[in-house]
Amino acid sequence: MNAQAQPIAYGLKILFEDGTVLNWYRGGRRRTVHAEKNPHGRLFPHSDPTGEGILAAMGEASDPALRRLLGLPAAVVPSKAPPRPVAAFDGGCRPNPGPGGWGVVLPDGRELSGAEPQSTNNRMELTGAIRALEATAGPLHLIGDSSYVVRGASEWLAPWIRRGWTKADGEPVVNADLWRRLARLLQERDVTWQLVRGHSGNVLNERCDRLATEAREKLLRGNGRRRG
């Protein structure tokens with residue numbers, strides 16, 4: 001988009017090809033979104049590139065002006081789909097790589113956690129997601145703060161499998177053992193993923209982070225080591 005002499009007070013521009021570009025304007029300020037992300041940290045649903053899906057991902061489903069711009073009815077049409085169970089996961093190491101922990105909160109309120117003496121942040125995040133899937137069945141909505149896991153599961157996993165567990169550059173997929181395990185669990189499962197910002201007040205994410213930290217610290221105390 002060319003530079004403009006006068007700021008746009010209110011508007012919306014969407015370009016959907018391989019790389020999503022979404023510019024929306026309010027009060028003369030432009031917000032630009034790339035690579036399927038939006039200002040609220042959610043993902044644009046590949047399966048629902050409609051106006052309703054876009055506004056829901058933006059967190060602006062009820063904005064009448066944006067609805068008019070997309071040619072949508074003024075009122076939000078409520079979804080008839082029943083709410084799906086929600087689980088959350090988190091994991092990390094300190095230092096990275098180093099001793100790590102993972103934590104999970106399940107839809108029924110159960111909490112799971114564990115630790116490993118030597119791991120990485122990404123492996124602990126993956127382990128948390130795997131444990132959440134192993135402990136549940138049927139449709140599930142998974143919340144996590146790891147872009148690596150959320151984007152990997154929703155965008156990268158299928159191409160990796162097609163290429164025989166290699167990346168676009170021909171290099172082998174890192175942590176392929178865990179990704180293969182995750183892929184098996186996702187077969188025949190209806191799972192949606194939500195990326196949230198870590199330490200931003202999401203109750204489930206904060207609890208999972210605490211569970212992971214406590215599991216790691218318990219491991220260190222058991223090994224007679226100082227907390228890292």
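We did not get these values from a lab; they are worked out from the coordinates using the rules stated. None of the values given here were measured: they were computed from a predicted structure.
What is segment 94-215 by shape, rounded, prolate or oblate, if you read a ≥ b ≥ c off the alpha carbon gyration tensor as root eigenvalues and call it rounded for a/c under 1.5, prolate for a/b larger than b/c, and oblate otherwise?
oblate
In segment 86-222, Cα pairs under 8 Å separated by at least six residues give a relative contact order of 35 percent.
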